[in-house]
Amino acid sequence: MTKPPLTLYLAAPRGFCAGVDRAIKIVEMAIEKWGAPVYVRHEIVHNKFVVDGLRDLGAVFVEELDECPDDRPVIFSAHGVPKAVPAAAAKREMIYVDATCPLVSKVHIEAQRHADNGLQMIMIGHAGHPETVGTMGQLPAGEVLLVETVEDVATVDVRDPDRLAFVTQTTLSVDDTIDIVAALNARFPKIVGPHKEDICYATTNRQEAVKAIAPHCDAILVVGAPNSSNSKRLVEVGARAGCAYSQLVQRADDIDWRALDGIKSMGITAGASAPEVLINEVIDAFRDKYDVTVEMVETAQENVEFKVPRVLRVPA
């Protein structure tokens, strides 16, 4: 039986970013240097396949520092942690390695600089997301106020409307954030914003690639985890850009084939913490059922690389 034809639009850039690549490398190098087990506070990146692979090598994932023994190294996830966490690790004289993405660390530094200048912070982000928790935890309670929507801006209760600054989570929807920033500027004309957009290059590039493929696609699949902010934003961007069916899948097994019945064109991308092996797995699943023609749609090239911390580059 002949397979039906399918044009598969593969978005580029997609998948791993430099911060995720660095964080995974940090865990691998820590196990190599100090042996197993090495403890990791929170999932190093939001992807079950990656976490399971590191667990097999000897990483132990915990949610809080008090679950870690004093005599084993601990790594802080790429999303960043409140200041109290490394302070507690230092007090216990633990070996710890900070795998916070340098672009998240940049936001932490910004927040501290504004606080040092006497400004109260507003953070645009998602409540409970580890990156938001980490950034808000850089300053004392009450110094960072969270807004998630344009509606939140209208009700946020600030100390002094003339002494404010804002930062954003790095993995937000670029389009949503523009609207929230506009609302902040309208309500607080003197608010100070970042010199350069806080949303990271990888998030922006992946969203732009999805916008480029969406008008050509009957459906889009985003390979990523349900707790991955940047992956969920890609699903939303695909839907907004004109694709009627835009869905998140963790693995090829998650594809809802009945929902895709009769499609002629398919878009595939992946969140910044999804490895290429999972993308290839999804493409192979389509090859099994369709006569696939792959068209790469590249909207940007990435050559960013972040060094691992020096402690991992020197012999034990």
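Structure notes:
- Considering segment 67-88, and only residues there that are in a strand (DSSP E or B) and of a type in the set (A, V, I, L, M), the residue that is farthest from A18 (Cα to Cα) turns out to be V74.
- Number of the condition not met by V133 [criteria: (1) of a type outside the set (D, E, K, R); (2) in contact with a Cys (Cβ under 7 Å, 6 or more places away or on another chain); (3) surrounded by fewer than 21 Cβ atoms within 10 Å (Cβ to Cβ)]: (2)
- Put simply, of R310, R233 the only residue that is of a type in the set (D, E, K, R) and buried (at least 16 other Cβ atoms within 10 Å of the Cβ) is R233.
- Taking segment 28-78 as the range and being among the basic types (K, R) and closer than 22 Å to Q250 by Cα as the test, the residues that pass are K48, R55.
- Condition check for I213: closer than 25 Å to N280 by Cβ and in contact (Cβ under 8 Å) with a residue 40 or more places away in the chain: yes
- Residue list for segment 279-314, filter: hydrophobic (A, V, I, L, M, F, W, C), touching a strand residue (DSSP E or B) at 6+ places or on another chain (Cβ under 9 Å) and closer than 25 Å to V210 by Cβ: I279, V282, I283, F286, V292, V294, M296, V297, A300
- Residue that is surrounded by the most Cβ atoms within 10 Å (Cβ to Cβ) [pool: residues in segment 281-295 that are assigned to a strand (DSSP E or B) and of a type in the set (A, V, I, L, M)]: V292
- Counted residues, segment 245-272 - those being among the charged types (D, E, K, R), farther than 20 Å from A225 by Cβ and either without any contact (Cβ under 8 Å) to a residue 60 or more places away in the chain or not assigned by TED's automatic domain parsing to the domain that holds L234 (or both): 2
- Search result, residues across segment 236-246 that are farther than 18 Å from I124 by Cα and surrounded by fewer than 22 Cβ atoms within 10 Å (Cβ to Cβ): A239, R240, A241, G242, A244, Y245
- Screening segment 167-269 for helices (runs of 4 or more DSSP H) wholly inside it with 3 or more residues that are closer than 27 Å to T293 by Cβ returns the ranges 201-213, 229-240.
- Residue count for segment 166-185 satisfying the condition of being of a type in the set (A, V, I, L, M, F, W, C) and either in contact with a Gly (Cβ under 9 Å, 6 or more places away or on another chain) or in the same structural domain as Q247 (by TED's automatic domain parsing) (or both): 5.
- Lone unmet requirement of (1) in a helix (DSSP H, G or I); (2) farther than 29 Å from P194 by Cβ; (3) hydrophobic (A, V, I, L, M, F, W, C) for V60: (1)
- Single residue of segment 107-116 satisfying the filter (surrounded by fewer than 18 Cβ atoms within 10 Å (Cβ to Cβ) and touching a residue at least 24 places away in the same chain (Cβ under 8 Å)) that is nearest to H42 (Cα to Cα): Q112
- Scope segment 296-316; condition part of a loop (DSSP other than H, G, I, E, B) and more than 23 Å from the chain's Cα centre (by Cα); matching residues: R313, V314, P315, A316
- For segment 284-316, the set of residues classified as β-branched (V, I, T) and modelled with pLDDT of 95 or more consists of V292, T293, V294, V297, T299, V308, listed by residue number.
- Condition check for R206: touching a Leu at 6+ places or on another chain (Cβ under 9 Å) and farther than 22 Å from G128 by Cβ: yes
The values are calculated or read from the model by the stated rules, or taken from the named source; none is laboratory data. Remember, predicted model here, so these are calculated numbers, not experimental data. A quick note on method: Cβ atoms are made from the backbone with ideal geometry, for glycine too, and the neighbour counts reach across all protein chains shown.
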